[in-house]
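Participant: Handing you a structure now.
No value in this document is a laboratory result; all are computed from the given coordinates. From a predicted model like this one, the values you see are computed outputs, not experimental measurements. Glycine also receives a Cβ, built like all others from the backbone with ideal geometry; neighbour counts cover every protein chain displayed.
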Ligand code: IPM
Ligand code: MN
């Protein structure tokens, strides 16, 4: 199969992890006779430096035409004080909005062999949940501003019925193929948007009598994710709460560097690790490439390439079981470099 993939290697550790991911994807292509065609496009800090815009039109047009987008991470401290709309992160938000990537899927995967989580092992045994985070609306995209004297600021949180319905459907569909449970996380005791979410999600649940729906306030959910993580199957939530809960959940998995995500819209899809650009590690060959590699595996699944996805995931599992891992998930003395991890996974796939 021919697939055109727009690649945004981004900032910080981005280029290093993307290089390993493409290497691994190419081994899958060789093994299964696919033709993955990559187009590198600019975004984030590099795009600001070269074109004065964190999300150039050229990049958007290229992404619109491709079969999928592989995105690493953006962000650079030198742009932290840029005006609104001109930070590297604004580029990412603009792309999500332009492609209408409303459904962000963040699986929380616990590899039993890893023991860098500060959480008791017995709590982690049955952890297997996915966060469905709304990605193109809410407080991230509502009107923002300041009063004239700059002393008052506001960010509106707005949701429409349609925006809630479309991700709600995706979450219930996913639950049908899993443990048949959806937990809606909100702040319905305070927020009007949360009340709208509850009304609409409750209505959708009538079409899914086999799926159990429950509700948690965000403050309680933050506790339950640590105390009773095995209770969750699909967590459905808005943009901001989903952002926070997904970082929190990485504590269960040993490292933020391991977690992938898929952002799905009606016509486009983007695959990106959930971590940031980790500028302190840039160029040191120590960053964990697995979050990005596992995002590529979600891309293969999106392409309908199930065998390919399985082999890639088996390769990642094998590298972890044999402790061929970067220093965030094993002891530093016995750790491997970013490149060595990529090489190991590539070889595993080619030798199957
Ligand atoms: C994420 C990131 C982004 C977000 C930032 C970089 C804008 O934290 O994907 O979780 O807040 O959505
Ligand atoms: Mn985040």
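Participant: Can you tell me the convex hull volume per residue for the range 269-335, based on C-alpha atoms, in Å³ to the nearest whole number?
Facilitator: Values: hull volume 5.7 nm³, N = 67.
Once divided by residue count, the hull of the range 269-335 is 85 Å³.
Participant: Okay, next question. How big is D for the range 111-180, in µm² s⁻¹ as a whole number, if Stokes-Einstein is applied with the Kirkwood radius of its Cα pairs at 25 °C and 0.890 mPa s? Spell out each step's value before the answer.
Facilitator: Values: Rh = 16.1 Å.
The Stokes-Einstein estimate is 152 µm²/s.
Participant: Cβ neighbours within 10 Å, averaged per peptide: list 314-321, 65-72 in order, most packed at the top. It would help to have the intermediate numbers written out before the result.
Facilitator: Values: 314-321: 18.0, 65-72: 22.2.
Ranking, from highest mean packing down: 65-72, 314-321.
Participant: Also: Using only Cα atoms, figure out Rg for the range 86-149 and give it as a multiple of 2.2 N^0.38 Å.
Facilitator: On the way: Rg = 18.1 Å, N = 64, 2.2 N^0.38 = 10.7 Å.
Rounded to two decimals, the normalised Rg is 1.69.
Participant: I've got another one for you. Taking the alpha-carbon set of the range 1-99, what are its Rg and Dmax in Å?
Facilitator: Here Rg and the maximum Cα pair distance are 14.2, 47 Å.
Participant: Which values of log₁₀ I(q)/I(0), to two decimal places, follow from the Debye formula for the range 117-251 at q = 0.12 Å⁻¹ with a uniform point scatterer at every Cα?
Facilitator: -0.49
Participant: Sorted by mean Cβ packing within 10 Å, highest first, what order do the peptides 123-132, 286-295 take? Please report the intermediate quantities before stating the final value.
Facilitator: Details: 123-132: 19.0, 286-295: 26.9.
The peptides rank, most packed first, as 286-295, 123-132.
Participant: So if we plug the beta-carbon distance of residue 143 and residue 285 into 1/(1 + (r/R0)^6) with R0 = 45 Å, what FRET efficiency do we get, rounded to 0.05? Numbers along the way, then the final one.
Facilitator: Details: r = 43 Å, r/R0 = 0.96.
After rounding, the FRET efficiency stands at 0.55.
Participant: Run the paramagnetic zone check for residue 195: 7 angstrom along Cα to Cβ, then residues of the range 141-183 with backbone nitrogen under 16 Å.
Facilitator: Within reach of a label on residue 195, which here means backbone N under 16 Å from a point 7 Å along Cα→Cβ, the range 141-183 contributes 157-161.
Participant: Separate question: Distance from the Cα centre of the range 60-101 to that of the range 302-339, in angstrom?
Facilitator: What the calculation gives is 27 Å, centre to centre.
Participant: Note down the Stokes-Einstein diffusion coefficient of the range 312-352 in µm²/s, whole number, using a Kirkwood radius over alpha carbon pairs, 25 °C, and 0.890 mPa s.
Facilitator: Values: Rh = 10.1 Å.
This corresponds to a translational diffusion coefficient of 243 µm²/s.
Participant: Sticking with this one: Write down the percent of antiparallel bridges among all DSSP beta bridges whose residues are both part of the range 117-251, to the nearest 5. All intermediate terms of the calculation are to be shown ahead of the outcome.
Facilitator: Values: 3 of 17 bridges.
Of the beta bridges lying entirely in the range 117-251, close to 20 percent run antiparallel.
Participant: Please report the spacing between the Cα centers of the range 246-285 and the range 124-202 in Å, no decimals.
Facilitator: Centre-to-centre distance over Cα atoms comes out at 20 Å.
Participant: If you don't mind, another one. Could you give the semi-axes, largest first, of the ellipsoid that matches the chain, computed as the square roots of 5 times the alpha carbon gyration tensor eigenvalues and rounded to whole Å? List each step's numbers first, then the result.
Facilitator: Details: eigenvalues 181, 134, 84 Å².
They are 30, 26, 21 Å, listed largest first.
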